[in-house]
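For reference, the structure is listed below as structure tokens.
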There are 2 protein chains.
Amino acid sequence: MPALDDAALDQLFRTARTHNGWLPQPVTDDELRAIYDLMKWAPTSANCSPARIVFVRTREGKERLRPALSPGNLDKTMAAPVTAIIGHDLAFYEKLPQLFPHTDARAWFAGKPAVIETTAFRNGSLQGAYLILAARALGLDCGPMSGFDNAMVDAEFFAGTSIRSNFLCNLGHGDPTKLFGRSPRLAFDEACRIA
Amino acid sequence: MPALDDAALDQLFRTARTHNGWLPQPVTDDELRAIYDLMKWAPTSANCSPARIVFVRTREGKERLRPALSPGNLDKTMAAPVTAIIGHDLAFYEKLPQLFPHTDARAWFAGKPAVIETTAFRNGSLQGAYLILAARALGLDCGPMSGFDNAMVDAEFFAGTSIRSNFLCNLGHGDPTKLFGRSPRLAFDEACRIA
């Protein structure tokens, strides 16, 4: 299996940036469905697939989000064509008979709140990363954020459910004139070793 | 920005699979460095970049990993060309003056263990997902796992450090004859809504 070409690696990783300003071009329902139809295939532990996503696009939806946003994330989020709320369902294991049908995987979690919490948060975060890279693969730009009040978002969007918010991700076509300078990354030897 | 072509979307998401058997083709140091040199660019909160990775490739390294592996993950992990231990550094914020130099981001975390733990786990998991998709983008196959004893891995590979293991990911060239049948995914309307 060959590597993707340089243009694809740039679009996914090397020249992709976290965007703060957005061009007026909208994001369609079909594009949101296409993001999900890619990200859903990427791996989670026992196929547990705990991510639950609200794509906030309407003016009314954005106004429900507004009070939870930290000041630095407010204007760009209100202006973004779509803001995805990436959450995870703490009752994810109830779907394991459907998602992992060849064994009783539900029993690995039922009644074990620490395992449930860790598994939902880890795998929901993986799926959030898959969402970011799926959106980029489809030609969209992303602006992920964790600067917001999770409890307020949960009360407004997930009341009465077992879903908890994880992070937010603005989606759209980024305005390159609003980018910040790129921050450095750790060198291989600062972050990795071969054993 | 156009979408990647169908072959690329297949390689990253749609036809990529979690592998259980491995062809004898090795994974080189250059390939491991290339994975990191892609994944490092993908976004983390305040560029905090908490992931710390051990690429276990030697026989000695694999033997140190062996006692921590759950029975179902043992043979395939011992046989894999490389097993990446994806961990996160709970002292990640000490590098923020380097990674996010334009403000005192270290102060957002120092002395706040709950915020540290959540931020390291969320963003380290995002980076683990970036590793999976970077490896696939470079033509490698992945076999991620959370079925192992984290405390044993931490004692063996991260003793005396502030690094904690998150999950493991086998890397190599997968043997397609050892794949399991693919499990179903949730439909868009089971996992997502537009608000």
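Could you put A:LEU32, A:LEU179, A:LEU168 in order, starting from the residue whose Cβ has the fewest other Cβ atoms within 10 Å? Write out the running numbers ahead of the final one.
Working: A:LEU32 22, A:LEU179 14, A:LEU168 26.
Fewest-to-most Cβ neighbours within 10 Å comes out as A:LEU179, A:LEU32, A:LEU168.
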> Where does the charge balance sit around A:ARG182 when Lys and Arg score +1, Asp and Glu -1, over other residues with C-beta under 13 Å from its C-beta?
Replying inline: +4
>> Defining the label point at 7 Å along Cα→Cβ, can you sort the distances from A:GLN25 to the same site in each other copy, shortest first, in nm?
In response: 3.5
>> Quick check on the protein assembly as shown: helices-only [θ] at 222 nm, where DSSP H runs of length 4 and up contribute -39,500 (n - 2.57) each and the sum goes over total residues. Nearest 500, please.
In response: -10500 deg cm²/dmol
> Near the amide H of A:ASN170, under 5 Å away, which other amide H atoms are found, from residues 5 or more places off or on another chain, if H is placed in the peptide plane?
Replying inline: A:ALA84, A:GLY143, A:MET145
> A:ALA159 versus A:ARG14, label points 7 Å from Cα toward the beta carbon: distance in nm?
Replying inline: 5.0 nm
> Which of the helices in chain A meet the span-like rule: DSSP H, Cα axial reach of 20 Å or more, Kyte-Doolittle mean at least 0.0?
Replying inline: A:113-137
> What list do you get for B:LEU9, A:LEU126 if you sort them by fewest beta carbons within 10 Å?
Replying inline: B:LEU9, A:LEU126
>> I need B:SER183, B:SER70 ordered by Cβ neighbour count within 10 Å, fewest first.
In response: B:SER70, B:SER183
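Consider all pairwise Cα distances in the stretch B:1-109 and report the whole-number % of them above 24 Å.
Working: 2708 of 5886 pairs.
Beyond 24 Å sits 46 percent of the P(r) for the stretch B:1-109.
Calculate the dipole size of chain A relative to its Cα centre from +1 charges on Lys and Arg beta carbons and -1 charges on Asp and Glu beta carbons; express the result in debye to the nearest 20. Please list the in-between numbers first.
Details: 21 positive and 21 negative charges, 45 e Å.
Dipole size: approximately 220 debye.
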> Expressed as a rounded percentage, what relative contact order does chain A have, with Cα pairs under 8 Å and six or more residues apart?
Replying inline: 35 percent
> Taking a 31 Å limit on the Cα-Cα distance, which of the listed pairs A:LYS40/B:LYS76; A:LYS95/B:LYS112; A:LYS112/B:LYS76; A:LYS95/B:LYS76 fall beyond it?
Replying inline: A:LYS95/B:LYS112
>> Quick check: convex hull over the Cα atoms of the protein assembly as shown, volume per residue in Å³, rounded to an integer?
In response: 134 Å³
>> Report the Cα centroid-to-centroid distance between the stretch A:58-122 and the stretch B:137-178 in angstrom, as an integer.
In response: 24 Å
>> Full-extension gain between A:ASP30 and A:ALA114, please, as 0.36 nm times their residue separation minus the C-alpha to C-alpha distance.
In response: 26.5 nm
>> Which one, A:ALA134, A:ALA107, A:ALA16, has the greatest fluctuation when you compute a Gaussian network model over chain A with C-alpha springs under 10 angstrom?
In response: A:ALA107
> In nm, one decimal, shortest first: how far is the label point of B:THR177 (7 Å from Cα along Cα to beta carbon) from the matching points in the other copies?
Replying inline: 6.1
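Please report, in whole Å³, the volume per residue of the convex hull around the C-alpha atoms of chain B. Intermediate values should be presented prior to the final figure.
On the way: hull volume 34.3 nm³, N = 195.
Convex hull of Cα atoms, per residue: 176 Å³.
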> Hey, for B:ALA159 with labels 7 Å out along Cα-Cβ, what do the inter-copy distances come to in nm, ordered shortest first?
Replying inline: 5.3
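We did not get these values from a lab; they are worked out from the coordinates using the rules stated. Values in this document were obtained by computation on a predicted structure and should not be read as measured data. In this analysis, Cβ positions are derived from the backbone assuming ideal geometry, glycine residues included, and neighbour counts consider all displayed protein chains.
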